[in-house]
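Here the structure comes first, spelled out in structure tokens, and everything after it is commentary.
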Amino acid sequence: MDRRNALKQLATITGGLVLIPSCDFSAEEALKAYENLGITERDQQTLTKIVQVIIPGKHLKGAEELSMQDFVLVMANDCLPEKERKTFVKGLKGIETYTKDQFGKTFGELNPTDGAEVFRSIMAKSTSTDKSTEVAQNFLGTTKRFALQGYMTSEYFLTEISPYQLVPGGFKGSVPLKETEIVKTNG
Amino acid sequence: MANLNTQHKQNNTYDAIVIGSGMSGGWAAKELTEKGLKTLVLERGREVQHMKDYPTTNKYPWEFEHRGQIPEDVQKENPIVSRCYAFREDAQHFFVKDTEHPYVQEKPFDWIRGYQTGGKSLLWARHVQRWSDYDFEGPARDGFAVDWPIRYKDLEPWYAHVEKFVGVSGNRDGLPHLPDGEFLPPMELSAVEEYFKSFVSKNYQGRDVIIARCAHITGNEEYYAKQGRTLCQHRVLCQRGCPFGGYFSSNSATLPWAMKTGNLTLQHHAVVHSIIYDEAKGKATGVKVIDANTKEETEYYAEVIFLNASALNTNLVLLNSTSNRFPEGLGNDNGLLGKYIAFHNYRAGVSGEYEGLMEYTTEGRRPTSAYIPRFRNLFKQETDFLRGYAAGFSGSRGIERDLSDVGERLEKGMISPKYGTWRVGSHMMGETIPKEESRVSLDPKKTDEWGIPLLKVDVGYDDNDEKMVKDYLEQVTEMFEAAGFTNIRTRDDHRAPGLDIHEMGGVRMGKDPKTSLLNKWNQLHAVSNVYVTDGACMTSTSTQNPSITYMAMAARAVDHAVKEKGK
């Protein structure tokens, strides 16, 4: 596929949120991940819904706004061993059917609060219940892990929420804590 | 034709050749060029210029596609280097990939290499503890290897010389077994480290906890400004290359310094095939080099040759330098070349928590740790194993966030970090005993793409190492428990030798040419104009991180070579 056309198509898939600069590696990487994992528009919408359930944007920006669905896919594509990657894709492709079967509604149909309840219910099930629950739990667990990893190392989080200092300039070994001060994460 | 040859020979002739631009080669180059010798440094890898070639140095965490992680396919293709703690997305370009430079493992051995200007000096952990006579006298006292031909007093002025230029932050602790040096102000211990230090000194006679001496600039700025370096900024991103020159590397310090003399020629992509020996003259006359890219062969000539290719590659070069006089490798009259390889045992660690000092935390970041100098079998033999171990120690305040839920509650967890207990940890750095069967040799059949035989590595643990791991775990656990640390966990990861990146020996120093390869000045006994001053020269390993000792030996050997030349 011609790269530019492919990027245009990706832009369509992601609802036009992705701009098409001449070299945006995140968009290009996401595209590779979409292609390699065989992700359809519907899968992509499902994943976006789920990262938004994980971080809905009540106290912080929502996961979708930070494109965590793309980050999750890039990590699944590039950093999971083959077997886990296959399980992840299987989980993604089956999650809405599973949710509909078990809870009568898909993530797509649920509001964030109810979505979070469904997420918790799935994760709380005994793993020995059946194979499909195991696959769903694996998928949701992996998605949450990558979404959190990407979110907490995002520019937004590390500048506005928990500032990261590239150049701390020093080190103090014993600093008395003051009640009012924010926690020093020393990132 | 004869004229052309003469011309070629003149163009390719230097006063000195240094093989390798890493930690010790950089020092040889600096000292040689400062003393006025036209010096050629041969580096097998690509050029990495200070600052200019540190592509990731100012990147924020979010600018890394996988947030630091190495992708699965790269790990699968390169299992050896992937086991190295520093092989991450931000520094991967400074490591040799397994597939690029294969070697043969008779036993599992993780050989971690950096082929570029500066070698592994860009990537090192920067601990610089001096040796003492409790280290140099080890083999003679305990009856292993051979006696070192030097003692602390031989190296002391050279440690001082090297430390001053490198920039060493440290505290003057007054320990006989870990001598003080030319120190810049020490970095601070954290509150829990201070507590453990005072607890140990009150309760364990002969055991100490100190701040590690590390190769970071913490003072005397005007002096280091002359090198174009400045104060360490505590970024703790050292492995990317430091734009401040806050830590020492060949790239930031010795090589630019040597370049300023006008006497340095630094050549890259120069794979050394062998050292050329002239039987009539009874000495080495030059080096045969293969261009890494074109595979073209060139010879370079010099009166003195410094071999600093990194411990195992130095063995390889000598083993591959065969002639009528030395059919088994240059200087190898006794058949011991490549033998008595040793390393540091880094297998074990202990971690725990401390629930005291809850009213304190730390601020900023620190590119080093506390250090527990060797206390076992130090002044006399006291256990059922030989020698001992040093240990790293560090403690910082834990930060906890409740990330167990999803949705709104997860967001609350993300924005509500709380101070947890102090987290403490230690890792062992054990001395290993060099043995004849621990060796490297040339594969009789397999060669690399430059036609050089692959190195076969046959190095493993022994019973002494097993006993030492057990003792380390017992002693540190006991000290942690006594200090009131909780949730103590021990680990023995059974990592392969080599991952410590402190492989040493094979061309050991000694008094007797029958039982060693190098004399007390690091010259090959049999070929006096070849000096070996990297890890290959080590007769025993002791426990200290070895780089500062290699650097001191390199500077001392250059001084000797130049004085010899004047005679």
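The values are calculated or read from the model by the stated rules, or taken from the named source; none is laboratory data. Everything quoted here is computed from the prediction, not taken from an experiment. Counting neighbours? That spans all protein chains shown, and the Cβs are built from the backbone with ideal geometry, glycine included.
Exactly one of these conditions fails for A:G115: (1) under 13 Å from the mean Cα position of the chain (by Cα); (2) at the interface with chain B (Cβ under 8 Å from one of its Cβ atoms); (3) part of a helix (DSSP H, G or I). Give me its number.
(1) is the only condition that A:G115 fails.
Which condition number in (1) within 22 Å of B:W62 (Cβ to Cβ); (2) at pLDDT 85 or above; (3) in a helix (DSSP H, G or I) is the one that A:E29 fails?
Among (1) within 22 Å of B:W62 (Cβ to Cβ); (2) at pLDDT 85 or above; (3) in a helix (DSSP H, G or I), A:E29 violates only (2).
Among the residues of region A:47-63, which ones are within 9 Å of another protein chain (Cβ to nearest Cβ) and assigned to a helix (DSSP H, G or I)? Before the answer, list the steps.
First pass over region A:47-63, keeping only residues within 9 Å of another protein chain (Cβ to nearest Cβ): A:53-60.
Within region A:47-63, A:V53, A:I54 meet the criteria.
Can you tell me which of B:G356, B:G395, B:G352 is crowded, with 19+ Cβ neighbours inside 10 Å, at pLDDT 95 or above and within 14 Å of another protein chain (Cβ to nearest Cβ)?
Details: B:G356 fails: crowded, with 19+ Cβ neighbours inside 10 Å; B:G352 fails: within 14 Å of another protein chain (Cβ to nearest Cβ).
The match here is B:G395.
Got a sec? Which of B:L442, B:L473 is of a type in the set (A, V, I, L, M, F, W, C) and within 30 Å of B:T322 (Cβ to Cβ)? Show your work before the answer.
Numbers: B:L473 fails: within 30 Å of B:T322 (Cβ to Cβ).
Among B:L442, B:L473, only B:L442 is of a type in the set (A, V, I, L, M, F, W, C) and within 30 Å of B:T322 (Cβ to Cβ).
Could you check region B:223-238 and list, in sequence order, the residues that are out of contact with any helix residue (DSSP H, G or I) (no Cβ under 7 Å at 6 or more places or on another chain) and either within 13 Å of another protein chain (Cβ to nearest Cβ) or crowded, with 18+ Cβ neighbours inside 10 Å (or both)? Walk me through how you get there before you give the answer.
Going residue by residue through region B:223-238, those that are out of contact with any helix residue (DSSP H, G or I) (no Cβ under 7 Å at 6 or more places or on another chain) are B:223-226, B:232-238.
Selection gives B:Y224, B:C232, B:Q233, B:H234, B:R235, B:V236, B:L237, B:C238.
Of all residues in region A:135-160, how many are facing chain B (nearest Cβ under 7 Å) and either surrounded by fewer than 16 Cβ atoms within 10 Å (Cβ to Cβ) or under 27 Å from B:G246 (Cβ atoms) (or both)?
The number of residues fulfilling the criteria is 3.
When both residues are 6+ apart or on different chains and their Cβ atoms are under 9 Å apart, which pairs have a first residue that lies in region B:361-378 and is within 11 Å of chain A (Cβ to nearest Cβ) and surrounded by fewer than 22 Cβ atoms within 10 Å (Cβ to Cβ), and a second that is of a type in the set (K, R) and not in a loop (DSSP other than H, G, I, E, B)?
B:E363/A:K172; B:G364/A:K172
Do any helices (runs of 4 or more DSSP H) lying entirely in region B:155-260 carry at least 2 residues that are of a type in the set (S, T, Y), and which ones are they?
Working: elements: B:191-203, B:221-225, B:255-260.
In region B:155-260, B:191-203, B:221-225 are the helices (runs of 4 or more DSSP H) which contain 2 or more residues that are of a type in the set (S, T, Y).
When both residues are 6+ apart or on different chains and their Cβ atoms are under 9 Å apart, which pairs have a first residue that lies in region B:193-209 and is within 14 Å of chain A (Cβ to nearest Cβ) and closer than 23 Å to B:G398 by Cα, and a second that is assigned to a helix (DSSP H, G or I) and among the β-branched types (V, I, T)?
As it stands, the answer is B:V209/B:V200, since those pairs meet every condition given.
Quick one: how many residues across region B:41-96 are more than 10 Å from chain A (Cβ to nearest Cβ), surrounded by fewer than 16 Cβ atoms within 10 Å (Cβ to Cβ) and either more than 25 Å from the chain's Cα centre (by Cα) or in a loop (DSSP other than H, G, I, E, B) (or both)?
6
Condition (residue is at pLDDT 95 or above, in a loop (DSSP other than H, G, I, E, B) and closer than 19 Å to B:L32 by Cβ) applied to region B:535-550: is it met by at least one residue? Steps first, answer last, please.
From region B:535-550, those at pLDDT 95 or above are B:535-550; that's our starting set.
Filter again for in a loop (DSSP other than H, G, I, E, B), leaving B:538-546.
Filter once more, so that each one left must be closer than 19 Å to B:L32 by Cβ: none.
The answer is no; no qualifying residue exists.
Looking at region B:116-150 only, could you name the residues that are buried (at least 24 other Cβ atoms within 10 Å of the Cβ), of a type in the set (F, W, Y) and closer than 17 Å to B:L237 by Cα?
If the condition is that a residue be buried (at least 24 other Cβ atoms within 10 Å of the Cβ), of a type in the set (F, W, Y) and closer than 17 Å to B:L237 by Cα, then no residue fits.
In region B:512-567, which residues are within 24 Å of B:S250 (Cβ to Cβ), without any contact (Cβ under 8 Å) to a residue 60 or more places away in the chain and surrounded by fewer than 24 Cβ atoms within 10 Å (Cβ to Cβ)?
Listed by number, the residues that qualify are B:W521, B:Q523, B:H560.
Pairs please, first residue from region B:477-505 and free of Cβ contacts under 8 Å to residues at least 12 places away in the same chain, second anywhere and surrounded by fewer than 21 Cβ atoms within 10 Å (Cβ to Cβ) and not aromatic (F, W, Y), Cβ atoms under 9 Å, 6+ apart in sequence or on different chains.
Within 9 Å, the pairs are B:E481/B:I488.
Residues B:F385, B:F393: which one is part of a loop (DSSP other than H, G, I, E, B) and either touching a residue at least 24 places away in the same chain (Cβ under 8 Å) or over 30 Å from B:L318 (Cα atoms) (or both)?
On the way: B:F393 fails: part of a loop (DSSP other than H, G, I, E, B).
Going through B:F385, B:F393 in turn, just one is part of a loop (DSSP other than H, G, I, E, B) and either touching a residue at least 24 places away in the same chain (Cβ under 8 Å) or over 30 Å from B:L318 (Cα atoms) (or both): B:F385.
What residue, of B:E328, B:E400, is among the acidic types (D, E) and either under 22 Å from B:V200 (Cα atoms) or within 14 Å of chain A (Cβ to nearest Cβ) (or both)?
Details: B:E328 fails: either under 22 Å from B:V200 (Cα atoms) or within 14 Å of chain A (Cβ to nearest Cβ) (or both).
Unique residue meeting the criteria: B:E400.
So in region A:42-88, with the set limited to residues that are surrounded by fewer than 24 Cβ atoms within 10 Å (Cβ to Cβ) and acidic (D, E), which one is farthest from A:E28 (Cα to Cα)?
Residue satisfying both the conditions and the ranking: A:E84.
B:G119 - would you say it is among the small types (G, A, S), closer than 29 Å to B:V507 by Cα, within 20 Å of the chain's Cα centre (by Cα) and away from chain A (no Cβ under 14 Å)?
Working: among the small types (G, A, S): yes; closer than 29 Å to B:V507 by Cα: yes; within 20 Å of the chain's Cα centre (by Cα): yes; away from chain A (no Cβ under 14 Å): yes.
Spelling it out, B:G119 is indeed among the small types (G, A, S), closer than 29 Å to B:V507 by Cα, within 20 Å of the chain's Cα centre (by Cα) and away from chain A (no Cβ under 14 Å).
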